[in-house]
Structure formats: structure tokens, C-alpha cells
Amino acid sequence: MKDTDYKILGKRLVPSLRMRKASYIRGAQSSNHNHENARFVFVLRGNFSEIYAGKKRECNPFTTIFRPPNEQHSEDYYGKGIICLSVDIQPDWLARLNQHDVNLRDSADFRGGSLPSLISKLALEFDTQDNISILAIEALMLEIAVEISRRENRILPKESVPHWLSNARDYIHAEFTQNPSIEEIAMAVNVHPVHLARVFRRQYKSTIADYIRFLRVDAAKKALASTDTSLADIALDTGFPDQSHFSKTFKRLMNTTPSKYRKLMRLR
């Protein structure tokens with residue numbers, strides 16, 4: 001990657017963690033390369049794809065990527081306004097986690113749950129240049145590591161996911177703005193609603209209702225960051241019954257209001 005393809009927006013040194021925030025121009029690409037240490041990458045804005053171990057992952061806002069040491073990978077920054085916060089992890093930090101059975105081993109990417117809120121807080125603390133922010137960053141990184149470790153240990157292996165459950169998830173992604181009922185989703189994949197609800201929660205660590213709320217908030221975040229659409233219209237476009245319901249749900253999941261989130265994204 002050429003020096004003109006990206007811009008360093010800031011750096012922070014935290015014990016055993018080396019942090020860097022950078023923006024990437026649309027169309028930038030990196031050749032296959034690796035990093036000596038393990039690394040977290042948090043996508044703050046924009047979309048890009050990554051090739052690793054013969055696989056491809058799509059990365060969008062609030063995706064968390066974990067790369068083990070020396071993983072070969074390449075990136076295609078095809079989106080607009082891409083900003084990432086990367087954290088280079090020293091071996092002693094991982095070793096301390098392992099002592100408490102928090103194990104980060106395999107390359108993976110994660111979305112949803114508590115991660116969007118944790119990433120938002122981490123980005124704010126990164127920009128806060130005081131001594132207390134170092135403690136906050138350390139605590140947030142530990143929370144993120146624990147959350148990811150729990151997901152890796154609890155989620156079924158990909159090959160164990162029933163085909164009908166994957167279809168149900170795809171149906172939800174296609175219809176989340178239309179307020180689908182559990183009965184409708186179950187009928188679409190030909191399983192009993194109770195069985196669907198139970199297996200979905202076990203696999204995705206979320207009720208179907210909460211999963212739909214997250215999809216709506218995720219769609220709203222993109223609209224807030226990239227358009228001037230009113231909050232009322234964003235609420236309706238993403239499936240919320242009204243602006244009040246949208247604002248309450250957004251604040252509960254993101255720890256900030258839609259207006260403050262839009263302002264934060266425009267300042268980056």
C-alpha cells in the first residue's frame with residue numbers, strides 16, 4: 001500500500017497495547033502481508049473486504065476483527081470514508097488473558113451484541129488525551145476480549161448450524177424493517193416457532209426480537225453517518241414505529257442518542 005493511500009489520524013501507547021487510528025482512501029489495496037503480533041481491528045466507518053487463509057470477510061461499521069500473530073491477509077478498501085482503529089497486542093497481554101481462561105486463538109470477525117457500544121466507548125477514550133483514559137482503554141479492551149472469547153466458546157461450529165437456521169437468519173435480514181413475527185419466520189423455514197426461538201437464541205446469543213432491534217439500529221447508524229435524513233424518517237425507514245421508540249432503543253443499545261451519534265460521526 002502506498003503512503004498516499006492512508007492517513008494516520010492518531011496513535012496511543014497503552015501498556016502492552018499499541019493503538020493506531022487511520023483513514024483509507026477509496027480504492028486502496030494492500031498486498032498479502034502479516035504482522036508479528038496479534039491484532040484487533042475495529043471498523044469505525046466505511047466498508048472494505050479482507051482475504052485471509054483463502055477466505056473472504058466483509059467488514060462494515062462496528063465489525064471487530066481479531067487476527068492471530070503472523071496471519072497472512074490482504075485488504076480491498078472499496079468503500080468511502082473508511083476509518084479503522086487497530087490495536088497491536090503484545091504477547092504478555094494475551095498470556096495474562098490465558099491465565100484466566102480467556103483464549104484468543106483463531107482469526108475471526110464479530111458483530112452485534114455489546115461490541116458496538118464497547119467500540120464506540122473505546123473510540124471516544126482513544127481521542128481523550130488524559131491519564132485516566134489509559135485506564136479506561138485497558139478496561140474496555142479486557143471487556144472486548146472477554147466478549148469475543150465467550151462467543152468463540154459458546155457458538156456452534158459453522159458446520160453444525162442447521163440449514164434452516166441459516167435460512168431463518170437470512171429471512172430476518174431481508175425483512176427486519178417489516179416487523180416479521182416469529183410465526184412468519186418459522187413458517188418460511190418450515191419449523192415450529194418454539195424450536196426456532198430456542199435454537200436461534202442458543203446459536204446467536206440473542207432473542208429474535210433483540211436481533212431485529214440490532215439490525216434496525218445498525219441500519220440507522222449507517223443512515224445517521226452518511227445522510228442528512230431526519231430522525232423521524234430514519235426511524236420509519238428502518239422499521240421503528242416512531243421517532244420516540246427509535247431514540248429510546250438506539251440510546252439503550254449504543255449508550256448515546258441518535259443526534260449525538262450523528263455529530264460524533266461527522267467530526268471524524
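Read-outs: derived from the displayed coordinates by stated rules, not from any lab. As the structure is a prediction and not an experimental result, all values here were calculated from the model. Quick reminder, even Gly has a Cβ in these numbers, built from the backbone with ideal geometry, and neighbours come from all protein chains shown.
Compute the length gained on full extension between Glu175 and Arg20: take 0.36 nm times their separation in residues and subtract their Cα-Cα distance, giving the result in nm to one decimal. Don't jump to the answer; show the numbers that get you there.
Values: separation 155, 0.36 × 155 = 55.80 nm, distance 3.72 nm.
Separation in residues times 0.36 nm, less the Cα-Cα distance, equals 52.1 nm.
What order do you get for 83-94, 102-113 when each peptide is scored by the mean count of other beta carbon atoms within 10 Å, highest first?
Final packing ranking: 83-94, 102-113.
Rounded to a whole number of µm²/s, how large is the Stokes-Einstein D of the range 158-267 at 20 °C and 1.002 mPa s, given Rh as the Kirkwood radius over C-alpha pairs? Could the numbers behind the result be given before it?
Details: Rh = 14.9 Å.
Estimated diffusion coefficient is 144 µm²/s.
Longer than 32 Å from Cα to Cα, which of Lys55/Lys260; Lys55/Lys263; Lys205/Lys260 are they? Say none if no pair is.
Numbers: Lys55/Lys260 37 Å; Lys55/Lys263 36 Å; Lys205/Lys260 28 Å.
In this structure, Lys55/Lys260; Lys55/Lys263 exceed 32 Å between Cα atoms.
Taking amide hydrogens as modeled 1.01 Å from N in the peptide plane, which residues meet the under 5 Å criterion relative to Arg26, leaving out close sequence neighbours?
HN-HN under 5 Å from Arg26: Gly81.
Among all helices in the chain defined by DSSP H, which have a length of 30 Å or more along the axis from Cα atoms plus a Kyte-Doolittle mean of at least 0.0? Can you show the working numbers first?
Numbers: long enough: 131-154 (36 Å, 0.39).
Span-like helices in the chain: 131-154.
If the cut-off is 13 Å between C-alpha atoms, which aspartates and glutamates fall inside it for Lys11, apart from same-chain ones fewer than 8 positions away?
Asp88, Glu125, Asp127
Put +1 on the Cβ of every Lys and Arg and -1 on every Asp and Glu Cβ in the range 158-267; which of Val217, Val194, Phe240 then has its Cα farthest towards the positive end of the dipole?
Towards the positive end, the residue furthest out is Val217.
Nearest 500 deg cm²/dmol is fine: what mean residue ellipticity at 222 nm does the chain get from its DSSP H runs of n ≥ 4 alone, each adding -39,500 (n - 2.57), divided by its residue count? Let's see the in-between values first.
Numbers: 10 runs with 127 residues, N = 268.
Computed ellipticity for the chain at 222 nm equals -15000 deg cm²/dmol.
When you count, for each residue, the other Cβ atoms within 10 Å and take the mean per peptide, how do 177-183, 116-122 rank with the highest first? Mind showing how you got there, number by number?
Numbers: 177-183: 12.9, 116-122: 20.3.
Output ranking for 177-183, 116-122: 116-122, 177-183.
Run the numbers on the chain and let me know its relative contact order in percent, using alpha-carbon pairs under 8 Å that are six or more apart. If you can, show how the numbers build up before the last one.
Values: 408 pairs, mean separation 36.2, N = 268.
This gives 13 percent for the chain.
Restricting to Cα pairs below 8 Å that are 6+ residues apart, what does the relative contact order work out to for the range 3-154? Please round to a whole percent. Don't skip to the end; give the middle numbers.
Numbers: 295 pairs, mean separation 36.9, N = 152.
Once divided by the residue count of the range 3-154, the mean separation gives 24 percent.
For every other residue with a beta carbon closer than 9 angstrom to the beta carbon of Gly79, add +1 if it is Lys or Arg and -1 if Asp or Glu, then tell me the sum. Walk me through the numbers on the way to the answer.
Values: positive: Arg26, Arg45, Lys80; negative: none.
My count for the surroundings of Gly79 gives +3.
Let me have the relative contact order for the range 158-267, percent, based on Cα pairs under 8 Å that are six or more residues apart.
So the answer I get is 21 percent.
For His163, His33, what ranking results if the residue with the fewest other Cβ atoms within 10 Å of its Cβ goes first?
Working: His163 8, His33 11.
Lowest count first: His163, His33.
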